[in-house]
Amino acid sequence: MDQIEKPIDQILPVVPIRDGIVFPGTEMILTFGRQRSVSAIEAAQSSGKKVVLVMQKNSNINDPTPGDLYQVGTVGEIIQMMKNEGEINALVRGLAKVEISSYEAVEPFFVARVLEIGDVVEEGDEVRALFNHLTSELRRAVKLGKTMDFLTFMNIMSGVTPLVLSHQVGSVLDIKPSERQELLELASVKARLEKEVGHLARELKILELEKKIATKTQEKFDKNMREQVLRERMKTIEKELGEDDENKEVKDLADKIKKAGMPEEVRLKAEKELGRLSQMSQYNPESSYVRTYLDWLVELPWAVASPNNVNITDAERVLNEDHYGLKKIKERILEYLAVMKLRAHAQQSTDNTEQTAEKTKKEGKGAPTILCFVGPPGVGKTSIGKSIARSLGRKFVKMSLGGIRDEAEIRGHRRTYVGALPGRIIQGVKQAGTKNPVFMLDEIDKVGTDFRGDPSAALLEALDPEQNYAFSDHYLEVAFDLSDVFFITTCNVLDTIPPALRDRLEVIHFPGYTEEEKFHIARDFLFGKQRELHGLPKDIVRLTNQAIYAIIRRYTREAGVRNLERELATIFRKVAKKIADAPVSKKHFTIGPGGLHPYLGSYKFTSYFAEKKDEVGMSTGLAWTEAGGDILFIEVALMPGRGSLTLTGQLGDVMKESGQAALSYVRSRWKVLGLPEKFFQKLDIHVHVPEGAVPKDGPSAGAAIATAIVSALTKIPVKRVMAMTGEITLRGRVLEIGGVKEKVIAAHRAGIKIVILPKNNKKDLEDIPKSVLSDLSFHFVEHMDEVLRLALIKSKTTEKPVPVATHLHLTA
């Protein structure tokens, strides 16, 4: 090894190295590509061949400054150098460890004054022990697979000094650049050897783990090879004995294909795939895919169907047992079932050959249209589908479409993909085990779409009676007949369903339950169901009728009965806890409306009732919500101003327009109403609808707003026992509105005695319970003049009804 005869103290070119260190006494091939480094190497080559090699603190910096370099580096001698397309490859030998005392220049390359740093070489038994241990551990690391230069290894093993050993080992350790720099900067050879022993011990653990993993992998591979050879030998023996399991599996599949009742083209496809399987080795990865595909084909109910016994009387009985109310929905379903029965009877009475049946399906005459149940949550859409399946004696399958965004969920994945499966429709039919189940597609309005396709478009074929006799699933690659499946879809709104899909559905609207219907459902269905679920005896809990009504009015506000059922469950849980705590003290619980607080807490909702006295500037309107109907009060305040109209109460755009229309009507009738011609110019009118946190919208409050404005302007009170609903025009016509049933029931519940409705809504009274009709008086109007004549109370002076004729004045 070359030795430096005197300590280095001179000015030399400096070359930054990204992440490598050349220790004294070691050689390394380096590649220099940065312009500053190339210039420094060329300058060193032309003047003494010595260069200072210093590592960067951050290897990602392309143009380092002196502050980005460590202070301690190595003086290296360029042994050989070769240029290659702007780069220099050089073999450099480390001579001595130096410290940069100052930089003399930075352009065109770094030039620095360096001072040699001497190492402290300790002697003694401890250093010798470290030397021997490090040498033996390095030999063991090489045996475990550590890679290093053969000449370097032989040089170490041939016997070197502790100083040289520390430099040689430091250059071959698998450590971080910062840790290697730390070894270089250590002045004590003993300390450096101790650090290197620790680094080498960690590297040895990693090498042992790698060898252990490799050994296990090899053993597993050897085991698999051994098993494969044994299986091949066993296969040969079984063939000689006539006991070939592979041929047996193929024969079993062939028998299943014959018994599956597949259509001709499907059977041919299955036999073709079976032929491919018989030619494959059982170790061929594709054989498992073909086997799975054939399993799906033979397990589908190609010819298995539930008996098509449609008994209208039994169906009606089942529907009435399972659901209270919903009279129109039940009638529509029974009509649908009657059509199915007549079609089946017609096909049986004619000479319905297989060709005729196929022609019927292709013409789209095999089944009526698809039903779509639309309504708010909790009104019984899903449960009535189960009742239909029970009444028909068919299997019931439910598939939730909420959140589905991948078209493959409907049509399946192609068999080229690993883990491919049929779509969920085919999976549902297989799960049912018959080709004619009642198949409910739940939440069809919540199907999404993204880059993977549009699932609603894939549903078009499945839900079209003229196409679904040959439904194409990507996985099956053969047509499956869905024309016998009784499809039912459910949704909360129709707006999000694509028009092409909505056109294939026959929509049945589910309205929200009335208060009376909720009462009967709670008493006759939910009460017994929750009592059994909570393990309580039959007569231990009794809820009075008034308590049930109180729960409906004060603890729930919904279209369905889910929250009502939860409140009943809360009562039963608390009763069960009381029984468990004191099983002997009380055996019966009778709960009235006054006893609900310990079980359900304070009232969650407030029920509005009619005012206690007639008020000026306030009328009672009727509103429809998903939770049923409600009354709302229209309040009008007048104040000096410049003729502005203010509408508050979180009103929607349509309701605000109704307020504008009502005011325009009043202004146009100023003479008839006995108002000054320019009354509006000196007044500001504020219309407010209480419960400002609840959004309100719709045109049906127009009549009530106009009545309240007239009352405020004329100082004539409005009858407190009268409620009204109807859209008005600028000419004062009262137009038809919706939600009459819910609105009238809400008026009855609030203590209203007289209801004003548009004349065209008279037909809607047929849907209202008789008990409600008998307690209310109805007036059907066509014009606001009639509304005012009915709503405003008698004159104080004449005690006669207030005239609202063309030339009479409304005065107090």
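The values are calculated or read from the model by the stated rules, or taken from the named source; none is laboratory data. Note that the structure is a prediction, hence the values are computed from the model and not measured. Note that we place each Cβ from the backbone using ideal geometry, even for glycine, and neighbour counts take in every protein chain shown. Surface accessibility is based on the protein's heavy atoms, side chains included, excluding ligands, DNA and RNA. Shrake-Rupley method; radii C 1.70, N 1.55, O 1.52, S 1.80 Å.
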Members of segment 380-414 that are among the basic types (K, R), modelled with pLDDT of 85 or more and not in a strand (DSSP E or B): K381, K386, R390, R394, K395, R411, R414
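For residues in segment 518-573 being basic (K, R) and under 21 Å from K381 (Cα atoms), which is farthest from the chain's Cα centre (by Cα)?
Of everything passing the filter in segment 518-573, R523 is farthest from the chain's Cα centre (by Cα).
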Residues being under 42 Å from the mean Cα position of the chain (by Cα), surrounded by fewer than 21 Cβ atoms within 10 Å (Cβ to Cβ) and touching a residue at least 60 places away in the same chain (Cβ under 8 Å) - total across segment 633-665: 0
Residue count, segment 273-322 (criterion: charged (D, E, K, R), surrounded by 14 or more Cβ atoms within 10 Å (Cβ to Cβ) and within 39 Å of the chain's Cα centre (by Cα)): 4
Some residue of segment 551-565 being touching a helix residue (DSSP H, G or I) at 6+ places or on another chain (Cβ under 6 Å), surrounded by 15 or more Cβ atoms within 10 Å (Cβ to Cβ) and of a type in the set (G, A, S): no
Selection count where residues are among the polar types (S, T, N, Q) and assigned to a helix (DSSP H, G or I), scope segment 545-559: 2
Tabulated pairs, segment 490-508, first hydroxyl-bearing (S, T, Y), second at pLDDT 85 or above and outside any strand (DSSP E or B), C-beta under 7 angstrom, 6+ apart or interchain: T490/K381; T490/T382; T490/E443; T490/I444; T496/D445
Which numbered condition P537 misses (of (1) open to solvent by 70 Å² or more (accessible area, probe 1.4 Å); (2) in contact (Cβ under 8 Å) with a residue 60 or more places away in the chain): (2)
From the options I709, I716, I752, residue that is under 18 Å from L776 (Cβ atoms) and touching a strand residue (DSSP E or B) at 6+ places or on another chain (Cβ under 7 Å): I752
Residue, most open to solvent (accessible area, probe 1.4 Å), within segment 9-37, restricted to residues that are among the β-branched types (V, I, T) and part of a strand (DSSP E or B): I29
Matching option when the condition is out of contact with any Lys or Arg (no Cβ under 8 Å at 6 or more places or on another chain), closer than 19 Å to I21 by Cβ, of a type in the set (K, R) and open to solvent by 70 Å² or more (accessible area, probe 1.4 Å), among K223, K176: K176
Answer residue from segment 402-423, given it is touching a residue at least 60 places away in the same chain (Cβ under 8 Å) and of a type in the set (D, E, K, R) and is surrounded by the most Cβ atoms within 10 Å (Cβ to Cβ) among those: R411
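Scan segment 194-207 residue by residue and report those that are exposed (fewer than 14 other Cβ atoms within 10 Å of the Cβ) and touching a residue at least 40 places away in the same chain (Cβ under 8 Å).
Across segment 194-207, the qualifying residue is only A201.
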In segment 38-81, residue least open to solvent (accessible area, probe 1.4 Å) [restricted to those that are assigned to a helix (DSSP H, G or I) and among the polar types (S, T, N, Q)]: S39
Strands (runs of 3 or more DSSP E) enclosed by segment 580-664 - at least 3 residues per element that are of a type outside the set (V, I, T) and at pLDDT 90 or above: 618-625, 628-640
Search result, residues across segment 709-731 that are part of a strand (DSSP E or B), open to solvent by less than 10 Å² (accessible area, probe 1.4 Å) and not small (G, A, S): V718, M722, M724
A693 being within 50 Å of the chain's Cα centre (by Cα), closer than 17 Å to L645 by Cα and either outside any helix (DSSP H, G or I) or in contact (Cβ under 8 Å) with a residue 40 or more places away in the chain (or both): no
Matching entry among K763, K741 (being without any contact (Cβ under 8 Å) to a residue 12 or more places away in the chain, outside any strand (DSSP E or B) and open to solvent by 20 Å² or more (accessible area, probe 1.4 Å)): K763
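Yes or no, residue by residue, for (1) part of a loop (DSSP other than H, G, I, E, B); (2) at pLDDT 85 or above; (3) hydrophobic (A, V, I, L, M, F, W, C):
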| position | (1), (2), (3) |
| --- | --- |
| K248 | no, no, no |
| K256 | no, yes, no |
| G261 | yes, yes, no |
| V266 | no, yes, yes |
| A270 | no, yes, yes |
| S278 | no, no, no |
| S281 | yes, no, no |
| E286 | no, no, no |
Count of segment 551-574 residues which are among the basic types (K, R) and within 17 Å of R531 (Cα to Cα): 4
Qualifying residue in segment 697-708 (condition: open to solvent by 20 Å² or more (accessible area, probe 1.4 Å), among the acidic types (D, E) and more than 23 Å from K743 (Cβ to Cβ)): no
Residues being out of contact with any helix residue (DSSP H, G or I) (no Cβ under 7 Å at 6 or more places or on another chain), in contact (Cβ under 8 Å) with a residue 24 or more places away in the chain and either basic (K, R) or farther than 15 Å from R180 by Cβ (or both) - total across segment 49-68: 8
Given (1) open to solvent by 10 Å² or more (accessible area, probe 1.4 Å); (2) more than 48 Å from the chain's Cα centre (by Cα), index of the condition H748 fails: (2)
Matching strands (runs of 3 or more DSSP E) fully within segment 424-514 where at least 2 residues are of a type outside the set (S, T, N, Q) and open to solvent by 20 Å² or more (accessible area, probe 1.4 Å): 505-509
Number of the exception - T620 against (1) β-branched (V, I, T); (2) over 23 Å from E742 (Cβ atoms); (3) touching an Asp or Glu at 6+ places or on another chain (Cβ under 8 Å): (2)
